[in-house]
Amino acid sequence: MSDDHVYLTLAEGHEDDTRWAYGTGFEDPLYGVDTAVPDGVDREGLAALCLALGDDALVSAQRLAEWTTRAPELEEEVALANIGLDLLGQARLLYARCGQVDGTGRSEDVYAYFRAPDDFRNVALAELPNGDFAFTIARLLILASWRLAHFERLTASPDPVLAAIAAKGVKELTYHRQYAAEWVVRLGDGTEESRRRMRAGLDGLVPYLGELFDAHDAKTDVLAVLRQVTEAADLPLPEVPSCQGGLGRDGAHTEHLAPLLAELQSVARAHPGATW
Amino acid sequence: MVSVLTDARRARHIAERVPDPEMPMLTLADLGVLREVTVEPDGTVVAVLTPTYSGCPAMAEMRAGVAARLSAAGYERVEVRTVLDPPWTTDWITPEGRRKLAEHGIAPPGPAPRQPSGPVPLLLSATRHVVACPRCGASDTEETSRFGATSCKALWRCRACREPFEYVKEI
Ligand SMILES: [Zn+2]
């Protein structure tokens, strides 16, 4: 490789602040961004929002990464991993913003690796085990639709950093939702077995939808997508429970989050500050 | 003042030629991620980059590449800033960049979808635009996966020459 290859510039002798991987401050995702918080912005509310959206994304990314080497086909594995990578990128930006806004100055790594399950604010829907491919796709459709609807509104956030994170996220989430929607139609409109599984996937999520829809007008948009997709797939529209508060957003998680985090955090906790 | 301007032009020229780590046939200028290069009165070179995808791991390498090239060219104080807004779009890939992509067997993106106000519509039977095969030019092509080896690429296949190819998807 010629010296044209940019990765080589990373291998050259550098200081402590340019190390690879976690726990290293290798890269602040908001590096070089104007991070002032405008006057009049409710910092506490903004931090809580960044945290919740960041946790949804991190936990979802981890679940999607679990499909690596296990997906039905290589193309789907690549797709799920790519979607996870987009979400991980969104989580990093949101954590970095959270640390600036909540006044703690915590880095993304502190949020991801050094918090207990009770401190996570993701919706329970995100942490449920993957189940089969149909369940994963059903969840992806719902989470991507919800997040897209929410991010569309956040592009008008009084915080310019969150607004910019959302504007970029909208483009990515549009692809995620499209991917999931096409698979729901394909499976729902496929064989008897694929149809049975797709229906079971959607039905299995129903008990967790109330929390997602609580206090968010994104509900209408998500239901419109669900209606459109289930109609195209000739599947019954799952009955959506009315809004209910609590659970993940309050830190009350299912038994599935702790093992997920134990795996995600194991290396960072065993070797704080390690580099490779 | 004249020297500062000349200096900015030279610094820009250097930063522009830094290759993209994932698609090294493209420079940062071709990709459209280098927004601005200026020289402050105290001589600090300020290069402004905009990220492609939220999770794009190449961002740090781009930044390191710009800083390293400018330092090597004798600029002692270099600062790389990031702007998130407006978000990067494939529309910013230059004609030269598109030509180089095609030359390397990667189909360049079509026009990015316009973002209407209000909810983004979900199109289940979208008539996708034609992507010409970068090898034989045939338009009889199909998508095999919307996601590829990097965030920015999809996998396609040509029905005429049977060759698979990558396609930089519009965003
Ligand atoms: Zn061809």
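Just so you know, all these numbers are worked out from the coordinates, no wet-lab data involved. In this text the structure is predicted, and so the values were computed from the model without any measurement. All Cβ positions, even for glycine, are placed from backbone atoms using ideal geometry, and neighbour counts span all protein chains on display.
Alpha-carbon geometry of the range B:2-88: the Rg and the Dmax are 12.4, 40 Å, given in that order. Measuring nothing but how far apart in sequence close Cα pairs (under 8 Å, 6+ apart) lie, relative to its length, chain A scores a relative contact order of 23 percent.
Note the angle between two axes, namely the Cα long axis of helix A:43-65 and the longest principal axis of the Cα atoms of chain A, as a number of degrees from 0 to 90, rounded to the nearest 10. It is inclined by approximately 70 degrees.
Here the Debye sum runs over all C-alpha atoms of the range B:50-109 as equal scatterers in vacuum, and log10 of I(q)/I(0) at q = 0.17, 0.19, 0.29, 0.30 Å⁻¹ comes out as -0.78, -0.91, -1.09, -1.11. Evaluated at q = 0.17 Å⁻¹, the base-10 log of the normalised Debye intensity for the range B:93-168, with identical point scatterers placed on the Cα atoms, takes the values -0.70.
Against chain A, whose longest principal axis comes from its Cα atoms, helix A:218-233 is set at around 50 degrees.
Select from B:THR44, A:ALA252, B:VAL83 the residue farthest towards the positive end of the dipole of the protein assembly as shown; place +1 on Cβ of Lys and Arg, -1 on Cβ of Asp and Glu, and compute about the Cα centre. Farthest along the dipole direction, towards plus: B:VAL83. Looking at the range A:98-203, the trypsin sites (Lys or Arg not before Pro) that sit in a DSSP loop and have at most 16 other Cβ atoms within 10 Å of their own Cβ are A:ARG106, A:ARG115.
Just to confirm the filter: which GluC sites (Glu not before Pro) across the range A:32-141 are DSSP coil and have at most 14 other Cβ within 10 angstrom of their Cβ? Please list the in-between numbers first.
Details: sites: A:GLU44, A:GLU66, A:GLU73, A:GLU75, A:GLU76, A:GLU77, A:GLU108, A:GLU127; in loops: A:GLU66, A:GLU73.
Sparse-neighbourhood loop GluC sites (Glu not before Pro): A:GLU73.
Take the Cα radius of gyration of chain B and divide it by 2.2 N^0.38 Å, N being the number of residues; the result is 1.19. With pairing defined as another cysteine C-beta under 4.7 Å, the cysteines of chain B that fail it are B:CYS56, B:CYS152. Principal-axis analysis of the Cα atoms of chain B puts helix B:2-16 at an angle of about 30° to the longest axis. For chain A, modelled as a GNM with alpha-carbon contacts under 10 angstrom, which of A:GLY131, A:GLY210, A:GLY54 fluctuates the most? Comparing A:GLY131, A:GLY210, A:GLY54 in the GNM, the peak value goes to A:GLY131. Within the range B:40-81, find all residues whose amide N lies under 17 Å from a label point positioned 7 Å from the Cα of A:ASP34 along Cα-to-beta-carbon. Correct set: B:40, B:46-51, B:80-81. Each DSSP beta bridge with both residues in the protein assembly as shown is either parallel or antiparallel, and the antiparallel ones are about 70%. The simple Förster model, with R0 at 51 Å and r as the Cβ-Cβ distance, assigns A:GLU239 and B:HIS104 a FRET efficiency of 0.50.
The charge dipole of the range B:2-88, taken about the Cα centre with unit charges on the Cβ atoms of Lys, Arg (+1) and Asp, Glu (-1), comes to about 160 debye, rounded to the nearest 20. Remark: the protein assembly as shown carries a charge dipole of roughly 960 debye about the Cα centre, counting +1 on each Lys and Arg Cβ and -1 on each Asp and Glu Cβ. Restricting the calculation to alpha carbons of the range A:115-225 gives Rg and Dmax of 15.1, 49 angstrom. Here is the tail figure for the protein assembly as shown: Cα pairs spaced more than 29 Å apart come to 50 percent of all pairs.
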